[in-house]
Amino acid sequence: MASDALRLDKAVSHSFDVPRSHATALIKQGRVLVNGEIRTKAADKILLTDTLEIDGYESVAQDAFAKRYFMLNKPSGFVCADSDNNFPIVLNLFGEEPHRDELHCVGRLDADTTGLLLVTDDGQFNHKITSPKYNVTKTYHVACERDLSERDVKAFAKGLRHPEEKQRYKSAVLEILDPKEALVTVTEGRFHEVKRLFECINNTVTELSRIRIGRLELDKELEEGEYRELTPTELELVFADNQD
Ligand code: URA
């Protein structure tokens, strides 16, 4: 947070997972104690380190404002958007999380793409992963229609040009696993990037799944649609190759 001071009603709302209007009512009713003292003004400023208490239940404001970082195994058929008229949104899978409306997908995977998706309420972290400036690599497992060749590997490394786009794609790594299967690592994160790269070599992606961001791998224990919090070590793995 930019500052350590925050409004009491906001702190109560976050710490006890109640709407802001309910927090205001609780404060006015004299049920909210800050460091043991009753406070009745919703606009009062408190510190992140202050202890809040309501009806005997305690919470340290800071804990409620800690940033949250999740790894999701994204299922097909869900979109990475805050709302959508046609498809369910990924954030529906986080229905049980408090303050779900503050969570956002880190970048976008297409509706039919599966695999590793990070979800967070930390805007700076989100920007660092999605901005091409930071060169965070994203690796995908790809199945495609036609056989791949060493020529394709070289073309990916050189940087491909799509007939419908002005800007050439940055160099990408194509690792052939089987004639119609490969790993692709990109850093740009352009719209439909992997599918577009395959169009550049007259091929078509039939299945796409993200397996890695930086050095962070998708937890194979997670079924599609399941998620869990990242550990501090895993958070570091995202930027392990990008120390600036
Ligand atoms: N590239 C794509 O084409 N689609 C995705 O979902 C991710 C990368």
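Per-residue answers, yes or no, for (1) assigned to a strand (DSSP E or B); (2) not small (Gly, Ala, Ser):
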| site | (1), (2) |
| --- | --- |
| Ala23 | no, no |
| Ile27 | no, yes |
| Asn73 | yes, yes |
| Ala81 | no, no |
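Going by what's in this entry, would Ile201 be described as β-branched (Val, Ile, Thr), within 16 Å of the ligand (Cβ to nearest atom) and under 30 Å from Phe65 (Cβ atoms)?
The answer is no for Ile201.
What residue, among those in the stretch 119-138 that are of a type in the set (Lys, Arg) and at pLDDT 90 or above, is farthest from the ligand (Cβ to nearest atom)?
So the residue we want is Lys128.
Output the residues belonging to the stretch 154-206 that are closer than 21 Å to Val238 by Cα, of a type in the set (S, T, N, Q) and in contact (Cβ under 8 Å) with a residue 40 or more places away in the chain.
Selection gives Thr185, Thr187.
Do we have Leu116 as under 27 Å from Ser15 (Cα atoms) and modelled with pLDDT of 90 or more here?
No; evaluated as a whole, the condition is false for this residue.
Can Ser149 be described as modelled with pLDDT under 95, assigned by TED's automatic domain parsing to the domain that holds Thr231 and out of contact with any helix residue (DSSP H, G or I) (no Cβ under 7 Å at 6 or more places or on another chain)?
no
Which of (1) open to solvent by 40 Å² or more (accessible area, probe 1.4 Å); (2) out of contact with any helix residue (DSSP H, G or I) (no Cβ under 6 Å at 6 or more places or on another chain) is the odd one out, the single condition Phe70 does not satisfy?
(1)
Somewhere in the stretch 27-46, is a residue without any contact (Cβ under 8 Å) to a residue 12 or more places away in the chain and closer than 29 Å to His127 by Cβ?
no
With the condition kept exactly as written, say whether any residue in the stretch 58-68 is part of a loop (DSSP other than H, G, I, E, B) and either touching a Cys at 6+ places or on another chain (Cβ under 6 Å) or of a type outside the set (A, V, I, L, M) (or both).
yes
What strands (runs of 3 or more DSSP E), lying completely within the stretch 129-215, carry at least 1 residues that are open to solvent by 80 Å² or more (accessible area, probe 1.4 Å) and hydrophobic (A, V, I, L, M, F, W, C)?
So the answer is 173-178.
The values are calculated or read from the model by the stated rules, or taken from the named source; none is laboratory data. Computed from a prediction, not measured in an experiment: that's the story for all the values here. Cβ atoms come from the backbone with ideal geometry, glycine included; neighbour counts cover every protein chain shown. Surface accessibility is based on the protein's heavy atoms, side chains included, excluding ligands, DNA and RNA. Shrake-Rupley method; radii C 1.70, N 1.55, O 1.52, S 1.80 Å.
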